[in-house]
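Working notes, beginning with the structure itself.
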Amino acid sequence: MTGATLRHVDPAGLEGRSGAAEAADAAVEIAKALVRDARRVVVLTGAGVSTGSGIPDFRGPQGVWTKDPAAERLSTLRAYMDDPEVRRRAWQGRLHSPVWTAKPSPGHLALVALERQGRLDLLVTQNIDGLHQLAGNDPGRVVEIHGTMHEVVCMACGERSPAAPTLERVARGEEDPECLACGGILKSATISFGQSLVPADLARAEGAARRADLLLAAGTSLGVHPAAGIVPLALGHGVPVVIVNAEPTAFDDVADAVVHGSTTDVLPAVVGG
């Protein structure tokens with residue numbers, strides 16, 4: 001893979017599936033058979049898994065960035081570091097996020113079932129909400145490739161700490177809280193556009209994709225790299241790929257099975273009990 005910096009890939013012109021579209025039920029059965037026969041499954045999840053928990057996605061019809069394109073600027077590292085107003089808006093967004101009261105969806109619970117079946121090798125999530133762990137997945141099997149909003153990090157000294165005390169400061173009126181250790185800029189411990197991923201996390205995800213006997217991508221548009229790059233990486237190593245997503249993705253035409261639908265409904269059917 002080239003580089004380890006979060007970036008967009010425009011899927012325009014890449015979407016679509018070869019041949020006639022299969023009926024939804026038939027697609028689910030194909031995906032279910034592939035999952036059933038696998039013994040070392042790597043799962044890649046995106047925002048679509050958490051929409052069933054009341055957390056909006058970013059690019060869907062009701063997505064955060066669809067409804068407010070300017071909000072994407074809050075997730076750009078340079079804008080965050082350079083503009084105090086961006087930081088103030090970002091902290092208010094964190095303070096009032098639905099994540100803090102969200103409960104795992106049936107999609108999350110289906111992936112817990114997959115782990116309990118002894119067939120989940122690694123769960124790579126682009127989500128920052130911690131709901132996979134809350135649902136019951138072993139934190140040791142979860143790679144939060146885009147970080148977590150449950151912690152904050154100082155961009156100057158690197159000190160990392162739980163998010164709750166900083167959010168309490170915001171609630172008390174600090175609009176742009178500074179690091180208490182050095183006075184540096186604090187940021188949610190998430191990966192912004194233009195910010196490098198943690199190399200060890202990316203290496204672990206890539207290694208798991210190479211040795212998997214199935215890659216299941218769920219609730220992700222597969223439009224943000226490097227995370228989405230584990231799909232072609234897996235395919236290049238002969239690993240079957242199943243995609244479950246509400247909207248078409250850039251990799252539908254090369255996947256072994258594609259189910260277009262809500263992960264809340266589809267994942268329990270695909271994974272089984």
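Out of R94, R88, report the one residue that is among the basic types (K, R), surrounded by fewer than 17 Cβ atoms within 10 Å (Cβ to Cβ) and over 19 Å from N245 (Cα atoms).
After applying the criteria, what remains is R88.
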Hey, L186 in contact with a helix residue (DSSP H, G or I) (Cβ under 7 Å, 6 or more places away or on another chain) and not assigned by TED's automatic domain parsing to the domain that holds V42 or not: yes
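In the range 126-152, what residues are within 17 Å of R40 (Cα to Cα) and of a type in the set (S, T, N, Q)?
Initial filter on the range 126-152 (within 17 Å of R40 (Cα to Cα)): 137-138, 140-143.
Across the range 126-152, the qualifying residue is only N137.
So that you can scan it fast, the table gives a plain yes or no per residue for (1) touching a Pro at 6+ places or on another chain (Cβ under 8 Å); (2) modelled with pLDDT of 95 or more:
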| position | (1), (2) |
| --- | --- |
| V170 | yes, yes |
| G173 | no, yes |
| G184 | no, yes |
| S188 | no, yes |
| L202 | yes, yes |
| A209 | no, yes |
| A212 | no, yes |
| G261 | no, no |
Residue within the range 119-126 that is under 24 Å from A208 (Cβ atoms) and among the β-branched types (V, I, T) present: yes
Residue ID - surrounded by the fewest Cβ atoms within 10 Å (Cβ to Cβ), chosen from residues in the range 242-272 that are over 15 Å from V49 (Cα atoms) and over 17 Å from the mean Cα position of the chain (by Cα): G272
For A208: the one exception among (1) in contact (Cβ under 8 Å) with a residue 60 or more places away in the chain; (2) over 13 Å from the mean Cα position of the chain (by Cα); (3) outside any helix (DSSP H, G or I): (3)
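Among the residues of the range 195-202, is there at least one that is over 30 Å from A38 (Cα atoms) and either in contact with a strand residue (DSSP E or B) (Cβ under 9 Å, 6 or more places away or on another chain) or among the aliphatic types (A, V, I, L, M) (or both)? Don't jump to the end; show me each part of the working.
At the first step, the residues of the range 195-202 found to be over 30 Å from A38 (Cα atoms) are 195-196.
Next, only the ones that are either in contact with a strand residue (DSSP E or B) (Cβ under 9 Å, 6 or more places away or on another chain) or among the aliphatic types (A, V, I, L, M) (or both) stay: 195-196.
Yes: the range 195-202 contains one or more residues that are over 30 Å from A38 (Cα atoms) and either in contact with a strand residue (DSSP E or B) (Cβ under 9 Å, 6 or more places away or on another chain) or among the aliphatic types (A, V, I, L, M) (or both).
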Segments classed as helices (runs of 4 or more DSSP H), wholly inside the range 19-85, with at least 1 members that are modelled with pLDDT under 90: 24-37, 64-67
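Tally up the residues in the range 122-148 that are polar (S, T, N, Q) and either within 18 Å of S221 (Cα to Cα) or in a strand (DSSP E or B) (or both), please.
4
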Qualifying residue in the range 189-202 (condition: touching a residue at least 24 places away in the same chain (Cβ under 8 Å), farther than 25 Å from D121 by Cα and β-branched (V, I, T)): no
The range 153-198, subset in contact with an Asp or Glu (Cβ under 7 Å, 6 or more places away or on another chain) and either of a type in the set (S, T, N, Q) or in a helix (DSSP H, G or I) (or both), residue surrounded by the fewest Cβ atoms within 10 Å (Cβ to Cβ): S161
Any hit, the range 4-18, residues being modelled with pLDDT of 50 or more and of a type in the set (D, E): no
Cβ-Cβ under 9 Å pairs, at least 6 apart or on other chains, the range 142-169 side on the phi > 0 side of the Ramachandran plot, far side among the basic types (K, R): none
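The values are calculated or read from the model by the stated rules, or taken from the named source; none is laboratory data. The structure presented is a predicted model; accordingly, all values stated were derived computationally and were not measured. Note that we place each Cβ from the backbone using ideal geometry, even for glycine, and neighbour counts take in every protein chain shown.
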